[in-house]
Amino acid sequence: MVLIVDSGATKADWIALGPKGEQIFMTQTLGLSPEVLTREVIEERLANNFELAKSSSKVERLYFYGAGCGTARMRKFLKNIFRQFFPKAKIQVKEDTYAAIYSTTKIGHAGIVCILGTGSNCSYYDGHQMFQKVTSLGYILMDDGSGNFFGRKLVRDYYYHKMPQDLSIEFDKEYNLDADVIKENLYKKPNPNTYLATFARFIVEHKEHPYCKGVIDKGFQQFVNNHVMQFELATKVPIHFVGSIAYYLREELTEVIQRNDMVLGVIRQRPIEGLVEFHKDTI
């Protein structure tokens, strides 16, 4: 059995394939980002999934692509956990950027591949190798244009009284904005980046409001400025995107990309389907 996994900070999609590439099962767990989770939490999320627990001894190969796997230390940390849970498997752990690349581009075709989900990332793929100009420092300092970026902006503007009154009333109705609740989720509970990203749903649902339009436009332009424009070929090759923020705000994203004289490529909500097609060739 081969397991293919695309893990964002919020959730992880798992697909199991048989010896002929046939799908055995598809399941989902909460995200397994090693940057923000302890070993105990990751082990619990694996063990609590019925399909994974039932099949753990049958897995021969595991291809894991995950948020928070950008450094060798984090990849090793996660691989050690997987070795215990999938004792017979040959394990490959790569950062989620590779999942985005394999699901949007073809070997031999160059492009810039971006992630805009709970977090954000950007890489150049020359058709064979991936190159990055920016090392991510996580959701507190970076993640421009992401779900947690927009969530943080909304909460800050609400508390600084910069959000228009009509939206503030709606925002207060939809979320528990008690200061103690927010601080507990940010500073005491796991996955503070995922918590912040839950507020981004509001900006998607109210994207036609002038305030939200401005926040979205500035956030995407900031992402283009700080990430995409790092690459000299930014206006010469297609710009691909994966992630829920890119998918649900694709019209706004398209406008920003075109305004910067760039060519928009593929936009995928989830890369797992493309990953399966990519790995079927290796089975």
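FYI, it's all coordinate maths here, none of it is from the lab. Here the structure is a predicted model, which means the values were calculated and not measured. Note: ideal-geometry Cβ built from the backbone for every residue, glycine included; neighbour counts use all protein chains shown.
One table, with the values for the structure above:
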| read-out | value |
| --- | --- |
| Whole-number Å³ per residue for the convex hull built on Cα positions in the stretch 14-168 | 163 |
| Entries in K236/K280; K11/K94; K11/K153; K106/K153; K76/K218 that, when Cα-Cα distance is taken, lie over 25 Å | K236/K280; K106/K153; K76/K218 |
| Shape call, the stretch 135-283: gyration tensor on alpha carbons, a/c limit 1.5 | prolate |
| Percentage relative contact order, the chain, counting C-alpha pairs under 8 Å, at least six apart | 19 |
| Difference of contour (0.36 nm per residue) and Cα-Cα distance, K58 to N260 | 67.8 nm |
| Under-5 Å amide H pairs with E95, H placed in peptide plane, nonlocal only | G66 |
| Long-range tail of P(r) for the stretch 46-127 (Cα pairs > 21 Å, %) | 41 |
| Cα gyration tensor shape of the stretch 88-180, rounded if a/c is under 1.5, else prolate or oblate by comparing a/b with b/c | prolate |
| Cα convex hull of the stretch 216-283, projected area averaged across orientations, nm² | 5.2 |
| Under Karplus coefficients 6.51, -1.76 and 1.60, residue-wise ³J(HN,Hα) of the stretch 121-129 in Hz, glycine/proline x | 6, 7, 9, 9, 10, 8, x, 9, 10 |
| Kirkwood Rh (inverse of mean 1/r, distinct Cα pairs), the chain, angstrom | 19.6 |
| J(HN,Hα) series, the stretch 238-254, from Karplus relation 6.51 cos²θ - 1.76 cosθ + 1.60, nearest Hz, glycine and proline x | x, 9, 9, 9, 10, x, 5, 5, 4, 5, 7, 10, 5, 5, 5, 5, 4 |
| Summed side-chain charge close to P192 - residues other than P192 whose Cβ falls under 13 Å, Lys, Arg +1, Asp, Glu -1 | +1 |
| Cubic angstrom per residue, convex hull over Cα atoms of the stretch 84-123 | 101 |
| Segment N226-Q132, extension gain: residue separation times 0.36 nm, minus the distance between their alpha carbons | 32.6 nm |
| Under Karplus coefficients 6.51, -1.76 and 1.60, residue-wise ³J(HN,Hα) of the stretch 215-229 in Hz, glycine/proline x | 5, 4, 4, 5, x, 5, 5, 5, 5, 4, 5, 8, 10, 4, 6 |
| Expected 222 nm ellipticity per residue - DSSP helices of 4 or more, -39500 (n - 2.57), all of the chain, to 500 | -12500 deg cm²/dmol |
| Relative contact order of the stretch 195-283, defined on C-alpha pairs under 8 angstrom at six or more residues apart (%) | 27 |
| The chain: antiparallel DSSP beta bridges as a percent of all, rounded to 5 | 50 |
| Other-chain or far-sequence residues with amide H under 5 Å of L30's (modelled H) | A12 |
| Size of charge dipole - the chain - debye, nearest 20, with Cβ of Lys, Arg +1 and Asp, Glu -1, no other charges | 1020 |
